[in-house]
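Chemist: First the structure, then my questions, so here it is.
The values are calculated or read from the model by the stated rules, or taken from the named source; none is laboratory data. Nothing here was measured: the structure is a model prediction, and the numbers come from that model. Quick reminder, even Gly has a Cβ in these numbers, built from the backbone with ideal geometry, and neighbours come from all protein chains shown. What goes into the accessible areas is simple: the full protein's heavy atoms, side chains included, and nothing from ligands, DNA or RNA. Shrake-Rupley method; radii C 1.70, N 1.55, O 1.52, S 1.80 Å.
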Amino acid sequence: QVQLVESGGGLVQPGGSLRLSCAASGFTFSAYAVSWYRQALGKERAWVASISTGGLTSYADSVKGRFAGSRDNAKKTVYLQMNSLKLEDTAVYYCYVRTPGRNNWGQGTQVTISS
């Protein structure tokens, strides 16, 4: 079955950087776009970025210019490089893939921005 495992979260100061990873298995990874979402405490889950099968990226306005998504099809992994982190980037970050008839989510990784 589809598995998505995020890693790379942690505690960083404002202005710092983190790189999240999402390791995928159980499906033909190269054939699907992958997205990142985040959910802050008390808020709804929100879309952050998407990486197409060909590596094209799109971003939410709130992270444009600071975050960069990428993928390595050989490793079946997607990445989210997060720079110039702000307090409001604090959230649990989730990896998401839509396969036929199914929404697939990872377990999430906590990102905390704090001074």
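Chemist: Averaged per residue, what accessible surface does the chain expose to a 1.4 Å probe, in Å²?
Modeler: Each residue of the chain exposes 53 Å² on average to a 1.4 Å probe.
Chemist: How large is Rg/Rh for the chain, to two decimals, with Cα atoms and a Kirkwood Rh?
Modeler: A ratio of 0.95.
Chemist: How do the peptides 7-19, 86-98 rank, highest first, by the average count of neighbouring beta carbon atoms within 10 Å per residue?
Modeler: 86-98, 7-19
Chemist: For the stretch 15-114, with the dipole built from +1 on Lys and Arg beta-carbon atoms and -1 on Asp and Glu ones, taken about the Cα centre, which of ASN73, SER84, GLY108 lies farthest toward the positive end?
Modeler: Of the listed residues, the answer is ASN73.
Chemist: At 1.4 Å probe size, put ARG102, ARG38, ARG45 in order of accessible surface, largest to smallest.
Modeler: Accessible-area ranking of ARG102, ARG38, ARG45, largest first: ARG102, ARG45, ARG38.
Chemist: Separate question: Using only the Cα atoms of the stretch 17-85, build the gyration tensor, take square roots of its eigenvalues as a ≥ b ≥ c, and label the shape rounded, prolate or oblate: rounded if a/c is under 1.5, else prolate if a/b is larger than b/c, else oblate.
Modeler: prolate
Chemist: Leaving ligands, DNA and RNA out of it, report the carbon-plus-sulfur percent of the accessible area of the chain at a 1.4 Å probe.
Modeler: Heavy-atom surface of the chain belonging to carbon and sulfur, 1.4 Å probe: 48 percent.
Chemist: Continuing with this model, one more query. Can you tell which of ALA23, ALA31, ALA68 shows the greatest fluctuation in a Gaussian network model of the chain with Cα springs below 10 Å?
Modeler: Top of the fluctuation ranking is ALA31.
Chemist: Once the piece of chain linking THR112 and GLN81 is laid out straight, how much longer is it, given 0.36 nm per residue of separation minus the C-alpha distance between them?
Modeler: My answer for the length gained is 9.7 nm.
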